[in-house]
Amino acid sequence: MLAAYAAGQDADDPLSGLVVGEIAEPGPPHPDWVPVRVRAAALNHHDLWSLRGVGLPADRLPMVLGCDAAGTDPDGREVIVHAVVGDPLWRGEETLDPARTLLSEKHAGTFAQTVWVPPGNLVPKPPELGWAEAASLPTAYLTAYRLLFTAADLRPGQRVLVQGAGGGVATAAVVLGRAAGLEVWVCARDEGRRERARRLGAHAVFPSGARLPDLVDAVVETVGEATWAHSLRVLRPGGTVAVAGATTGAAPSADLNRVFFRSLRVVGSTMGTREELRRLVSLLVATGARPHVDAVVPLARATDAFARLAAGDVFGKLVLELP
């Protein structure tokens, strides 16, 4: 079958290990897993990290990449694939399972004509969502949904600051926050990104690190060291910084005096649950909000999409399309 897969790894030149071509179609990793015929699959920075050798041991190569997909199950039903695979014996929320993994870490991923998944990892795709839109949800949009409504526990009318604009999670947080009735502010490093965030629905945009006209109830933080001090500084007393990434570094000054003196909450969050994915889909259908898709390209041209992602030349989601 046609697939985009990691045949090698290089921390400095991740694309050197990417191959787009024919690979043997895998069988089910477990007897009860089901095949999904992939119609669209979205790229994430996780895929680049896999090519750099982070989170994917070399002894598992070649590995089909990709966490996100939408397609059809064996009965022809249109479905969205939930990327978090937990231990079958785990009881409780799958994001808290110490043995959890994502598709393409231990089991073949979604950048292929067929992906095998546990039957419990399928969520119905409503007809209101196109294939590319549905494929954009399971990582970036699910992460943003959980940051806003589980980690930060925000309610309509509250104010949230999204640090950064253009990345998948930050873009998703703007779209979902606006759809859910939040007042969405965005800080971004250049005017082009700020203007695009405004067009997505941000109520106000500011340069990175700017003094804001008021305090916020919560901050969505995926940038890390470059914005951490600002994130803590703009929170109201009792506010929350919800963290799901650290692209500019993971070890900023904790500023503990500010944290305890202003009773701030720092809440980490990773991906989300199948139930949260179902609620996310329902939110989009009910509100008419849709994921922002930067471009849709054929799977055969996956190398071009990876190159754009690696260069940071993306605003929204890059989606691979299969016939």
For this session: Helix by helix through the chain, keep the DSSP H runs that span 15 Å or more along the axis on Cα and average at least 0.5 on Kyte-Doolittle, and give those back in order.
Result: 168-179
Problem set entry | Cα gyration tensor, the stretch 232-320 - rounded (a/c under 1.5), prolate or oblate | oblate
Exercise. So what J values fall out for the stretch 105-121 if you push phi through Karplus, 6.51 cos²θ - 1.76 cosθ + 1.60 with θ = phi - 60°, rounded to Hz, Gly and Pro as x?
Worked result: 9, 10, 10, 3, x, 9, 7, 7, 5, 9, 10, 9, 9, x, x, x, 9
For this session: Hey, can you find the accessible area per residue of the stretch 198-278 for me, probe 1.4 Å, expressed in square angstrom?
Result: 50 Å²
Seminar exercise, completed: per DSSP, antiparallel bridges as share of beta bridges in the chain, % nearest 5, sits at 50 percent
Seminar exercise, completed: Of every hundred units of 1.4 Å-probe accessible area on the stretch 195-323, the number belonging to carbon and sulfur atoms, as a percent, is 53 percent
For this session: Can you check what the net charge comes to around residue 255, using other residues whose Cβ is under 15 Å from the Cβ of residue 255 (Lys, Arg +1; Asp, Glu -1)?
Result: +2
Problem set entry | Radius 13 Å from Cβ of residue 184, net charge of other residues (Lys, Arg +1; Asp, Glu -1) | +3
Exercise. Normalised by the residues of the chain, what does the relative contact order come to in percent, with Cα pairs under 8 Å and at least six apart?
Worked result: 19 percent
Seminar exercise, completed: For the stretch 63-159, the percent of accessible surface on carbon and sulfur atoms (probe 1.4 angstrom, ligands and nucleic acids excluded) is 53 percent
Problem set entry | Cα gyration tensor shape for the stretch 1-149, rounded if a/c is under 1.5, else prolate or oblate | rounded
For this session: Name the residues whose placed amide hydrogens come within less than 5 Å of the amide hydrogen of residue 186, ignoring near sequence neighbours (fewer than 5 apart) on the same chain.
Result: 162, 204, 205, 206
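Could you give me D for the chain, from Stokes-Einstein at 4 °C and 1.567 mPa s, where the hydrodynamic radius is the Kirkwood radius over C-alpha pairs? Units µm² s⁻¹, please.
Estimated diffusion coefficient is 65 µm²/s.
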Exercise. Looking only at the stretch 206-228, which residues have a backbone nitrogen under 19 Å from a spot 7 Å from the Cα of residue 191 in the C-beta direction?
Worked result: 206-211
For this session: If a/c stays under 1.5 just call it rounded; otherwise compare a/b with b/c (prolate if a/b is bigger, oblate if not). Do that for the stretch 70-162, with a ≥ b ≥ c from the square roots of the Cα gyration tensor eigenvalues.
Result: oblate
Exercise. How high is the relative contact order of the stretch 116-220, given as a whole-number percent (alpha carbon pairs under 8 Å, six or more residues apart)?
Worked result: 26 percent
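The values are calculated or read from the model by the stated rules, or taken from the named source; none is laboratory data. Note that this is a predicted model, so its numbers are computed, not measured. Reconstructed Cβ throughout: ideal geometry from the backbone, glycine too, with neighbour counts over all protein chains shown. Accessible surface is based on the protein model in full, side chains and every heavy atom, while ligands, DNA and RNA are left aside. Shrake-Rupley method; radii C 1.70, N 1.55, O 1.52, S 1.80 Å.
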